[in-house]
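Below you'll find the structure, written out as structure tokens, and then a few comments.
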Amino acid sequence: MNEANQEKESAAEEKLIDDMAPLELAPKSGAALEGNSDMGNAESSSAPNEKGSEGKARQPDDSQDELTVIKAELTKYKDIALRAVADLDNYRKRMAREKDDAIRYANSSFLERLIPILDNFELGLQAAKVGGGQSAVQDGMMMVFKQLQDFLASSGVETIDATGQHFDPNLHEAIAQEENAEVAEGFVVRQLRKGYRLKDRLLRPANVVVSKGAPVTEATLTPGAGT
């Protein structure tokens, strides 16, 4: 009987030990979990702080770069605007100048066609004078010729008189050259056809004969001549 009781008591003690084992392990596992959670919270709390500090450190540099880009773009568009204003101003000036020239020289083509008619009319008058006598027809032609000249003058046309003037390629057209002891070299000996200009624009150059200077003689070619 004693042995049976001892076996029952030992079995009861083993069962009690087995029941108490999970209770002893539970607090330890809970503490471990709490420790892990604390460590996680610490890491998570430290991570945002590190990110925040990095963001604060980088923010001034980013703002400075953006400001530099904005200034560069502002300078570029300012230059474009200034160029556009300058181009517009040049365009307005050019258009005003072309308009003024169109008004000043509006009749240039008409006057250019009228000048040859005036030349022929003058030639007819010269022929009538050579014939001698003073007739009413000749007087009438003189009056018409004078009216044509007055019309050209009122339109701004000026006659180019090149006789005795130094040859100017901008106003004169040399038809020939000849030696002349009385007219210096490079000067106009005579004018064959009148020239005309409208204000500062040449309508027709004057046809002229230009002097080559005094003729060359044997005396001038002989060495020691004139000594």
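Once you put a point 7 Å from the Cα of MET142 and another 7 Å from the Cα of ASP87, both along the Cβ direction, what distance in nm separates them?
Each label point lies 7 Å from its Cα, and together they span 6.4 nm.
At a 10 angstrom cut-off on C-beta neighbours, averaged per residue, how do the peptides 65-74, 153-162, 188-197, 108-117 rank from highest to lowest? Each step should come with its number before you reach the end.
On the way: 65-74: 10.0, 153-162: 15.4, 188-197: 17.6, 108-117: 13.3.
Ranked by mean Cβ neighbours within 10 Å, highest first: 188-197, 153-162, 108-117, 65-74.
To the nearest 0.05, what FRET efficiency results for LEU202 and ALA96 with a Förster distance of 22 Å applied to their C-beta separation? Mind showing how you got there, number by number?
On the way: r = 24 Å, r/R0 = 1.08.
Calculated transfer efficiency: 0.40.
What FRET efficiency, computed as 1/(1 + (r/R0)^6) with R0 = 30 Å and r the Cβ-Cβ distance, is obtained for ARG190 and SER155, rounded to the nearest 0.05? It would help to have the intermediate numbers written out before the result.
Working: r = 28 Å, r/R0 = 0.92.
E between ARG190 and SER155, to the nearest 0.05, is 0.60.
Using packing as a proxy for protection, rank 200-213, 94-107 so that the peptide with the highest average count of other Cβ atoms within 10 Å comes first. Walk me through the numbers on the way to the answer.
On the way: 200-213: 18.0, 94-107: 10.9.
In descending order of packing, they fall as 200-213, 94-107.
Measure up LYS146/LYS194; LYS93/LYS199; LYS78/LYS99; LYS129/LYS212 against 23 Å on the Cα-Cα distance and list the ones that go over.
Numbers: LYS146/LYS194 16 Å; LYS93/LYS199 21 Å; LYS78/LYS99 32 Å; LYS129/LYS212 33 Å.
As for pairs spanning more than 23 Å Cα to Cα, those are LYS78/LYS99; LYS129/LYS212.
Readers should treat all values here as calculations from the given coordinates under stated rules, not as data from a laboratory. Owing to the predicted nature of the structure, the values given are computational and were not obtained by experimental measurement. Note: ideal-geometry Cβ built from the backbone for every residue, glycine included; neighbour counts use all protein chains shown.
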